[in-house]
1. Need the failing condition index for V291 against (1) farther than 16 Å from L29 by Cα; (2) buried (at least 24 other Cβ atoms within 10 Å of the Cβ); (3) not polar (S, T, N, Q), just the number.
2. Within segment 22-62, can you find the residues that are part of a loop (DSSP other than H, G, I, E, B), surrounded by 24 or more Cβ atoms within 10 Å (Cβ to Cβ) and over 14 Å from the mean Cα position of the chain (by Cα)?
3. Checking V278 against (1) under 23 Å from A35 (Cα atoms); (2) not assigned by TED's automatic domain parsing to the domain that holds F457, which single condition isn't satisfied?
4. For residues in segment 219-251 being within 13 Å of the ligand (Cβ to nearest atom) and part of a helix (DSSP H, G or I), which is nearest to F349 (Cα to Cα)?
5. From the set of residues in segment 301-328 that are touching a residue at least 40 places away in the same chain (Cβ under 8 Å) and among the charged types (D, E, K, R), which is nearest to the ligand (Cβ to nearest atom)?
6. Yes or no: segment 313-320 includes at least one residue that is under 18 Å from L406 (Cβ atoms) and within 21 Å of the chain's Cα centre (by Cα).
7. Within segment 23-52, count every residue that is more than 16 Å from the ligand (Cβ to nearest atom) and polar (S, T, N, Q).
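The values are calculated or read from the model by the stated rules, or taken from the named source; none is laboratory data. All values derive from a computational prediction rather than experimental measurement. Counting neighbours? That spans all protein chains shown, and the Cβs are built from the backbone with ideal geometry, glycine included.
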Amino acid sequence: MFKDRHIIVIGSGIGGLTAGALLSAEGALVTVLEAQSFPGGCAATFRRNACRFDAGATVGCGFHSGGPMDELGRKLGIDWPIEAERVAWQYRHGELRLDLSRSRAEILERFPHSRPFWLEQDRLARLLWRLASGGLSWPPERPGDLAGLLRKGVAGLPGSARLLQFASKTALEWLAVHQLEGDSEFVRFIDAQLLISAQTTSPYANALTAAIALDLPTSGAWHVKGGMGSIAELLAKSIEENGGSVLYRKRVIRINSVRKEVIGVETGDGSAYASDMVVANLTHESLAELVGSPSAGSLLKRGTPSEWSAFMLYLVMDPSLFTLPGSRHLQITGQSGELGEGNSIFVSFSLPGESCIAPEGLYAVTVSTHTRPGPWFAASRRSREEYLKLKSAYEERVLDLMASQLPGAREAVQWLEAGTPVTWQRYTGRADGYVGGYPQTSLFDVRGPATGFDNMFLVGDSIFPGQSLPGVTTGARRVVEMVRRVKSLGGGQ
Ligand SMILES: Cc1cc2nc3c(=O)[nH]c(=O)nc-3n(C[C@H](O)[C@H](O)[C@H](O)COP(=O)(O)OP(=O)(O)OC[C@H]3O[C@@H](n4cnc5c(N)ncnc54)[C@H](O)[C@@H]3O)c2cc1C
C-alpha cells in the first residue's frame, strides 16, 4: 500500500529501524537519517582500543518464541545471531548470590515464602505478553484503539479482567498482598530488578509493568553474537535490501511543516529531504526542538518525565587477575542506601574467545549505573575541572563496588573510558542525556506516538511501553499500524 511513498525515519535506534524495516518490507521508500556513523543508539556496539563495546544495552531479551523480537525476526525474515544464556544475570548483595534463570530456582530457595507472589507474577506476565503480541494500542489515540484492546483482551484472553485490579496498584502494594513488603532483603532484590527494567522502584512502579519487568530473566536472556549492535545492523540491512537507505552522519536540524502536515526535513550538512511521512526516533523534548514553537507545546504537556541517565565504564580487563562470575552479567548492589549513583551496578563481560569483540586473552566489559543528569550538567557548566572531578569520583565508586564482589578486578583493568549524561546527550542527541526510558509509575499517564502532526509519529523508549529491545519494538509495530491508517498515504484514518 505504501508504493512510491517517501517515509523519512529520523534516527537509527532500535525503534526507528524496526518501524523503517517493517514499512520498507511493505513497499515504502524509507530513508533513515542517522546523526552518528553507525546504527543502534543506546543499543549500539562501538569500536574503541581494538575492542567492540556495547554502548548501553547488553542483555538480549524478547527473543522467546512469540516474543516481540522473535515476531519481528519472522516478519522480516531475519535469523537473529543469538545464543540463549543459561543464567540471565547474577544478583549479588553482600553474601547473597542469586542466579536469575528461567526456573527461578535460586530465588525460591532463598525466599520460599515468595512462591505465591511469583505464581501470580507468572500468570500476569503470560497475559501481558499475549496482549502485546502483534502490537499494543496503548495509550488509545482513537475510539477504535480502546475497542480493539478490549476485544483482544477481555474477549480473547480468558482471565484478562484480572489485570484491571492491578492496573492502579504499585509494586509495593502488590508485595504487601503477599506479606513480602517487610522483607527488606527481598524488597531490595525486587527494587534492583525494577530499577534496571522499569526505571523506578517498588513504592512507585506500577504493578503490571513490574510483572513484565520481573519476567525478563524467566522469559529468557540471549547473548547477541558480535555485540548488541548486530541487531541494529541487521535491521538496517533489511531496509537496504528492500530498496531503502540508511544514511549516516545526517543530523536532522529542522522539521518543516504546513499547518498539521510535515513536508520534509533538513540536515546539518545542508541537505533537504521531502517526505510523505516522518517517523521520529526521538524523545518528545528532542522532537520539540526540531519542530519549534508553537507545535512544540503539545508534545511536552503529558506523560511521566524521564528521571535517569547512566554513568558508564567501558573496560578492557585481564581475566587472569580476578575470578570471573559464573554468568556473563552481574548485578551488584551496595549494602544499603538508594540504588543507582554507583551504589548499584550492572556489569557485562564479553564471551571468552569472541575475537571480534576483544583481543585474545582480554575481555571487553561494559558497566552501568543509573545517575541523575542534573549534577553532571551543573558541574560541567561550572568548569571542566569540576566535571572531570565528578567523573573520576564516579569511576572510583563504581570500581570499588565492582571490586567488593570481584577481588582483583581493579588490578585487572588495562584500559578504561567513562561515559556520563553529558556523553549520552552528545551521542544520542537526547536532551540532558536522559536514557533508559521513563519511570513506569502509571499506565494512564504514558505518552503515545502521536505528535500533533497528521503524518509524523514518535517511536522509541519515550513512548509506551518504554525501554528495552522488546519495548521499543512493540511501540514501533503500533506506529506502523498508525502509518497504515493515514489518509494521505491511501489509508483509512
Ligand atoms: C545503560 C543502558 C543499559 C541498557 N540495557 C538494556 C539491556 O540490557 N537490554 C535491553 O533490551 N535494553 C536495555 N536498555 C534500553 C535500550 O537500550 C533502549 O530502550 C533502546 O535501545 C532505545 O531505543 P530507541 O528506539 O529509543 O532509540 P535510541 O537508542 O534513543 O536511538 C536514537 C537514535 O537516533 C539518533 N538521533 C537522535 N537525534 C537525531 C537527529 N536529530 N538526527 C538524526 N539522528 C538522530 C541517535 O544518534 C540514535 O542513534 C539499556 C539502556 C541503557 C541506556
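1. So the condition that V291 fails would be (2).
2. A28, E34, P39, listed by residue number.
3. Result: V278 passes all but (2).
4. Our first condition is that a residue be within 13 Å of the ligand (Cβ to nearest atom); within segment 219-251, this holds for 219-224, 227-229, 231-233, 235-236, 246-251.
Filter again for part of a helix (DSSP H, G or I), leaving 219, 229, 231-233, 235-236.
Numbers: S219: 21, G229: 15, I231: 18, A232: 20, E233: 21, L235: 25, A236: 26 Å.
Filtering segment 219-251 for residues that are within 13 Å of the ligand (Cβ to nearest atom) and part of a helix (DSSP H, G or I), the one nearest to F349 (Cα to Cα) comes out as G229.
5. Here the answer is R328.
6. So in segment 313-320, the residues under 18 Å from L406 (Cβ atoms) come out as 313-320.
Of the ones still in play, those that are also within 21 Å of the chain's Cα centre (by Cα) are 313-314.
Looking through segment 313-320, at least one residue is under 18 Å from L406 (Cβ atoms) and within 21 Å of the chain's Cα centre (by Cα).
7. Residues that pass the stated criteria total 2.
For every residue, the table says whether it meets (1) in contact with a His (Cβ under 8 Å, 6 or more places away or on another chain); (2) surrounded by fewer than 24 Cβ atoms within 10 Å (Cβ to Cβ); (3) at pLDDT 95 or above.
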{"position": "L149", "(1), (2), (3)": "no, yes, no"}
{"position": "G153", "(1), (2), (3)": "no, yes, no"}
{"position": "G159", "(1), (2), (3)": "no, yes, no"}
{"position": "T170", "(1), (2), (3)": "no, yes, yes"}
{"position": "L175", "(1), (2), (3)": "no, yes, yes"}
{"position": "F189", "(1), (2), (3)": "yes, yes, yes"}
{"position": "S202", "(1), (2), (3)": "no, no, yes"}
{"position": "T209", "(1), (2), (3)": "no, no, no"}
{"position": "T218", "(1), (2), (3)": "no, yes, no"}
